[in-house]
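FYI, it's all coordinate maths here, none of it is from the lab. Quick caveat: nothing in here was measured; it's all calculated off a predicted structure. Cβ coordinates were reconstructed from backbone atoms using ideal geometry, including for glycine residues, and neighbour counts include every protein chain displayed.
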Amino acid sequence: MTETTSKQLLHLVMGGRVKDPQSLEFADPSAIDVVGVFPSYAEALEEWRGAAQRTVDDAEMKYVIVHLHKLLEPAG
């Protein structure tokens, strides 16, 4: 029996009010909405779309997907 090792790819979906709609500088970092951590980009994207859609009329609200696996293992 061969054992396959797959790399865990974690993605964080978060958002909040930004100081400038063209930036990612959050106005109040303590008020960031953490939607969750997801095991695949597809799941994170689905949750990001939902969060972004709920705030679509507010130009100062921005949601992002953070590739945690790139932060945890930057050389990998």
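General remarks:
- Gained length - S40 relative to A52, 0.36 nm times residue gap less alpha-carbon distance: 2.5 nm
- Spin-label pair Q8/A59, simplified geometry with 7 Å Cα→Cβ offset, distance in nm: 4.1 nm
- Pairwise label distance in nanometres, Q22 with H67, each label 7 Å out on the Cα-Cβ vector: 2.5 nm
- Square roots of 5 times each gyration tensor eigenvalue, C-alpha, the stretch 11-72, largest first, Å: 20, 14, 9
- Between the Cα long axis of helix 41-54 and the first principal axis of the chain there is an angle of about 10°, rounded to the nearest 10.
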